[in-house]
Amino acid sequence: MAEEGIGSRRAERHNTTRFVKGTNVKKPSNFEGTGLIAIFKHPLSIFMICVPFGIWSYYARWNSAYTFWLNFFAMLPMAKILGDITEELAAGLRNDLLAGLINATFGNAVEMVITVQTLRGGLYAVVKATLLGSVLSNVLLVLGMSFLFGGLVNVSGKAEAKAKEEQRRPSVRNSQKMEDPELLDKLDKEETGGYSVVAEKVQTFKILGAMVNTSMLLLSCLSFTLVTVFGTMMAGQYKMDNASLEEVMLPISRTCSIIIISAYVAYIVFQLFTHRTVMADTGDGDDDEEEGSITVTTAAVLLFVMTSIVAFCSDLLVDSIENMTADAHMGEHFIGIILLPIVGNACEHAAAVRFAMQDKPGLSIGIAVGSSTQIALFVVPFSVLVGWCIDRPMDLNFGALNVTVMTLSVIVVLSMVVDGQSNWLQGYLLCAAYAVIAVLFWYVPNSTGDETI
């Protein structure tokens, strides 16, 4: 009994908790195995070869398109690695509360780094477009793909493991009676890795977490819309010039940003303190907690190194945007809203779809909507306050088109999650909405000066 107690305490001491970024929703690790090799062996890591070439292309004065695309693809694996390291750092602390706070603060580290670098470059329209694009990419594309594939496909996580362990499966098949259709279907499913198409499939999830996140998104939409309408009214009805308008808009935006961040702090208190249990309950079953992959010290050092590399590469990427838009005939709005969000969302996008196919829609919604909430209520006002600190006129006037697209998108998502059920048609509709927005912003011309269309 004593040995059993020691073993259980040891196992409990080594158990770690990972969260969906920006939320208190528990999730499995993004990789299999332990150690640094497990983090870097993901297929996306092959794009790390673009890091030295992207840096060399800038200093060798190659065409801006080469610099942009090389650094763009270099950011994909680094975004995943940075997210994994943040999870491991939080998990290694053996403290769910502290892990949740770290995850809620640094869950979108790549977006924050790109925002700061773009602000330093004075590309305010690209900053606003990138932040808006991150929200739209998560709530429409990521959530839509999750509903689409989750409503059509089943994936049995244990089936793939069984297929690897049971090498005698063909002999079992031959020894069974061929007139047993249920057994043959089970064997086929395990041999194909557990994938199967399911008709009339409807997934259910807990409503509270989804409704809290979408309500917070609507609050951010209200803030951005009111500030934008105010700025439009001042410029139109009161005939203010740009200098006078900036003197009014900047203090309004900075004050509102502080209020929005206070709302985000209240949201963190709600999900980590007062309603911690109900917010963490996703109804997806109990997943076994895994051991930490790396030590806290290693994670902290690696986090600093990867953040420095991401900051440097994003600086080169931002510096090439202006020439890139001129040479490739691609608008800065399309780059900011469609292309750049792919950098920060690629890994989470794949994870959300995988969890949805495993009948864990609560995790998928936590990844998609929870990440959007963090961007809208934390990263956006954070960019305004950072602009204030480095003397850059960043405000919350996102333009009539941008706030209209964002508000309508959040309302559509709210209508999809309000009943606690999802199906593949809802996912397709969300993806179609995102495609319409992509076409729209392809034809939006670039900004003139500091104004945002």
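Bear in mind these aren't lab numbers, they're just calculated from the coordinates by the rules spelled out. What you see is a predicted model, and the numbers here were worked out from it, not measured in a lab. Cβ atoms come from the backbone with ideal geometry, glycine included; neighbour counts cover every protein chain shown.
Laid out as a table, the results:
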{"read-out": "Sites residue 201 and residue 222, calculated FRET efficiency, Cβ-Cβ separation with R0 35 Å, nearest 0.05", "value": "0.50"}
{"read-out": "Label-point gap, in nm, between residue 435 and residue 229 - each point 7 angstrom along Cα→Cβ", "value": "3.3 nm"}
{"read-out": "Ranked packing of 296-303, 363-370, most packed first, by mean Cβ within 10 Å", "value": "363-370, 296-303"}
{"read-out": "Summed side-chain charge close to residue 214 - residues other than residue 214 whose Cβ falls under 15 Å, Lys, Arg +1, Asp, Glu -1", "value": "0"}
{"read-out": "Whole-Å distance, taken between Cα centres, linking the range 305-325 and the range 408-431", "value": "34 Å"}
{"read-out": "Per-residue Cβ neighbour rank within 10 angstrom, fewest leading, 304, 147, 270", "value": "304, 270, 147"}
{"read-out": "Summed side-chain charge close to residue 387 - residues other than residue 387 whose Cβ falls under 9 Å, Lys, Arg +1, Asp, Glu -1", "value": "0"}
{"read-out": "Separation of the residue 65 and residue 308 label points, Cα + 7 Å toward Cβ, nm", "value": "3.5 nm"}
{"read-out": "Separation between Cα centres of the range 231-265 and the range 368-392, rounded to whole Å", "value": "16 Å"}
{"read-out": "Rounded D (µm²/s) - the range 372-453, Kirkwood Rh over Cα pairs, Stokes-Einstein at 37 °C, 0.692 mPa s", "value": "217 µm²/s"}
{"read-out": "For 395, 84, order by how many other beta-carbon atoms lie within 10 Å, fewest first", "value": "84, 395"}
